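The values are calculated or read from the model by the stated rules, or taken from the named source; none is laboratory data. Just so it is clear, the model here is predicted, and its values are computed rather than measured. Quick reminder, even Gly has a Cβ in these numbers, built from the backbone with ideal geometry, and neighbours come from all protein chains shown. These area figures cover heavy atoms from the full protein model, side chains too; ligands, DNA and RNA do not enter into them. Shrake-Rupley method; radii C 1.70, N 1.55, O 1.52, S 1.80 Å.
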Amino acid sequence: MGRRDSYTHAHAQRVAAYSRRLAIKAKLSVDMSRDITMGGMLHDLGKLALSDTIFSNKQAALSTEMIGEVRSHPLIGAALLQHIHCNANIYHAVLFHHERIDGSGYPFGLHGNEIPLAAKIVSIADCFDAITTDRPYQRRKSRRHAFALLDEMAGRCLDEALVRLMIEDVRIHGMEPIMPRLTVPHVSSDPR
Ligand SMILES: [Fe+2]
């Protein structure tokens, strides 16, 4: 994924880290926390299948057709995971991370507790990282501004109790570092 879109690659790593922190903060089991971390890492796996037009588009506004394609990524990611018979929590995080508490999300428009816990956690981590990092079409917001935006979404889009835990955790432990873009080292074919 990193070769197609370096932002998506770094974003996946930070979402995994925030998801893990939130799972631990919510006192989930070691196994569940591990699954949720992996779900955070893989949440946008389906974006691998999106067309180059989407990746090269640096504008905020997408055509209706492009929006439809972007919105297919949770389904594509989940379909890819079915081939490896992965754990249900990881599968749920990938398939449902764009569902919203009030039913306004996609791809199914699930409400409240119809959304599995793993997906609720990854959604919060995903939103927080999207708000606090530079994207091609949007400058990052300050931590304070990000908390205000999360507050607005709490109970409407995102699980309210989990948002409170996320804000508390970031207040105490800070944000994940934004890593500089890494270049892939050249691997020599010389066996010596
Ligand atoms: Fe996504």
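Any residue at all in the range 45-60 that is at pLDDT below 95, closer than 21 Å to ASP134 by Cα and touching a Pro at 6+ places or on another chain (Cβ under 6 Å)?
yes
If you take the residues in the range 165-185 that are hydrophobic (A, V, I, L, M, F, W, C) and modelled with pLDDT of 95 or more, which one is most open to solvent (accessible area, probe 1.4 Å)?
Here the residue is ILE172.
Looking for something part of a helix (DSSP H, G or I), within 15 Å of the ligand (Cβ to nearest atom) and not basic (Lys, Arg) - is there at least one such residue anywhere in the range 101-116?
Within the range 101-116, not a single residue is part of a helix (DSSP H, G or I), within 15 Å of the ligand (Cβ to nearest atom) and not basic (Lys, Arg).
Of (1) in a helix (DSSP H, G or I); (2) under 25 Å from ARG139 (Cα atoms), ALA78 satisfies all except one. Which?
(2)
Going through ILE90, ILE84 one at a time, which residue ends up being away from the ligand (no atom under 14 Å from the Cβ) and part of a loop (DSSP other than H, G, I, E, B)?
Matching residue, one of ILE90, ILE84: ILE84.
Report whether or not ARG140 is under 14 Å from the mean Cα position of the chain (by Cα), surrounded by 15 or more Cβ atoms within 10 Å (Cβ to Cβ) and not in a helix (DSSP H, G or I).
For ARG140, the condition - under 14 Å from the mean Cα position of the chain (by Cα), surrounded by 15 or more Cβ atoms within 10 Å (Cβ to Cβ) and not in a helix (DSSP H, G or I) - is not met.
For residues in the range 124-137 being among the aliphatic types (A, V, I, L, M) and surrounded by 22 or more Cβ atoms within 10 Å (Cβ to Cβ), which is farthest from the ligand (Cβ to nearest atom)?
Step by step, filter the range 124-137, then rank; the result is ILE124.
For ILE84, which of the numbered conditions (1) over 16 Å from ALA17 (Cα atoms); (2) β-branched (Val, Ile, Thr); (3) within 17 Å of the chain's Cα centre (by Cα) fails to hold?
ILE84 satisfies all of (1) over 16 Å from ALA17 (Cα atoms); (2) β-branched (Val, Ile, Thr); (3) within 17 Å of the chain's Cα centre (by Cα) except (3).
Sort out which residues of the range 101-118 are among the hydrophobic types (A, V, I, L, M, F, W, C) and either surrounded by fewer than 21 Cβ atoms within 10 Å (Cβ to Cβ) or within 23 Å of ILE178 (Cα to Cα) (or both), and write them in order of number.
Correct list: PHE108, LEU110, LEU117.
Of all residues in the range 42-96, how many are open to solvent by 80 Å² or more (accessible area, probe 1.4 Å) and touching a His at 6+ places or on another chain (Cβ under 9 Å)?
Qualifying residue count, the range 42-96: 1.
Take ILE121 and tell me if it is closer than 21 Å to VAL70 by Cβ and either modelled with pLDDT of 95 or more or open to solvent by 70 Å² or more (accessible area, probe 1.4 Å) (or both).
No; evaluated as a whole, the condition is false for this residue.
Quick check: is even one residue across the range 6-25 over 16 Å from the mean Cα position of the chain (by Cα), small (Gly, Ala, Ser) and either modelled with pLDDT under 90 or open to solvent by less than 60 Å² (accessible area, probe 1.4 Å) (or both)?
Among the residues of the range 6-25, not one is over 16 Å from the mean Cα position of the chain (by Cα), small (Gly, Ala, Ser) and either modelled with pLDDT under 90 or open to solvent by less than 60 Å² (accessible area, probe 1.4 Å) (or both), which makes the answer no.
Under 6 Å between Cβ atoms, which residue pairs at least 6 apart in sequence (or on different chains) link something in the range 91-116 that is free of Cβ contacts under 8 Å to residues at least 40 places away in the same chain with a partner that is assigned to a strand (DSSP E or B) and surrounded by 14 or more Cβ atoms within 10 Å (Cβ to Cβ)?
Between residues of the range 91-116 that are free of Cβ contacts under 8 Å to residues at least 40 places away in the same chain and residues that are assigned to a strand (DSSP E or B) and surrounded by 14 or more Cβ atoms within 10 Å (Cβ to Cβ), the close pairs are GLY103/HIS111.
Of these, MET32, MET41, which one is within 16 Å of the ligand (Cβ to nearest atom) and either out of contact with any Gly (no Cβ under 7 Å at 6 or more places or on another chain) or not in a helix (DSSP H, G or I) (or both)?
It is MET41.
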